[in-house]
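The structure appears below as structure tokens.
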Amino acid sequence: KAGVTQTPRYLIKTRGQQVTLSCSPISGHRSVSWYQQTPGQGLQFLFEYFSETQRNKGNFPGRFSGRQFSNSRSEMNVSTLELGDSALYLCASSTTGRTDTQYFGPGTRLTVL
Amino acid sequence: AQSVTQPDIHITVSEGASLELRCNYSYGATPYLFWYVQSPGQGLQLLLKYFSGDTLVQGIKGFEAEFKRSQSSFNLRKPSVHWSDAAEYFCAVQNSGGSNYKLTFGKGTLLTVNP
């Protein structure tokens, strides 16, 4: 089975721009979660989607948004980029979310200049 | 709110030596507990998990962890470290009840292995 894939792997943007990151979960997985990883704050939960519905949300500003499609693929969008948004964005998928292993993708490295 | 503390930011061990990485959590009930490993430039790989039952959990790559409720700890151990174990290790906790399935991670412990 193919693992979680994330595209693109690397992105460079400038302040004020917006960006869209994509995540394709493992086949059959319906839950997709997003995490932000930075050296200062560590790994922080952004949001989780299940069957096209946002089920949980972390403490991030409204500039961070996401969605999930009927094939379980998910996208996250960050608008009006700030320097502090530079991070590794990780996507994880699982079958239902509860007591299921979350499998992580390799991440998208976003650099904001 | 749940939280995880990994007291050791960086640990150096010699190849072949034993390893113990510490993890303490804060949660009102018995949480679900995880250890993940991250190699440079990579995502997270699950080493092992605890949901219930036997408090000594076996994982991949020869790792094990023991859940101690009285100490709110879930320490990771390996009897003999290999050079390929050099990576960053993260302990995580998840709600065992309710509808929030997010993982809360510790800040990580960076493991260096000397030849």
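Below are the figures for this structure:
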| read-out | value |
| --- | --- |
| Kirkwood Rh in Å, taken over all unlike Cα pairs in chain B | 14.3 Å |
| Equivalent ellipsoid semi-axes - Cα gyration tensor, chain A, angstrom | 23, 14, 13 |
| Derived scalar couplings ³J(HN,Hα) [region B:105-115; Karplus, 6.51 cos²θ - 1.76 cosθ + 1.60; whole Hz; x for Gly, Pro] | 9, x, 6, x, 10, 8, 9, 10, 10, 8, x |
| Region B:1-72: relative contact order as a whole-number percent, Cα under 8 Å and 6+ apart | 22 percent |
| Antiparallel bridges, percent of DSSP beta bridges restricted to the protein assembly as shown (to nearest 5) | 90 percent |
| Chain A: antiparallel DSSP beta bridges as a percent of all, rounded to 5 | 90 percent |
| Within the protein assembly as shown: Cβ-based charge dipole about Cα centre, in debye rounded to nearest 20 (Lys, Arg +1; Asp, Glu -1) | 500 debye |
| Relative contact order (percent, whole number), chain A, Cα cutoff 8 Å, 6+ residue spacing | 37 percent |
| At 1.306 mPa s and 10 °C, Stokes diffusion of the protein assembly as shown via Kirkwood alpha-carbon radius, µm² per second | 88 µm²/s |
| Paramagnetic reach from A:K1 (point 7 Å along Cα→Cβ, amide N under 17 Å) across region A:23-42 | A:24-33 |
| Alpha-carbon Rg/Rh ratio, for region B:18-77, with Rh computed the Kirkwood way | 0.97 |
| Of B:K49/B:K107; B:K49/B:K78; A:K13/A:K57, those spanning more than 21 Å from alpha-carbon to alpha-carbon | A:K13/A:K57 |
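A short reminder: the numbers here are calculations on the coordinates, not readings from a lab. What you see is a predicted model, and the numbers here were worked out from it, not measured in a lab. Positions of Cβ are generated from backbone atoms using ideal geometry, with glycine treated the same way; all protein chains shown enter the neighbour counts.
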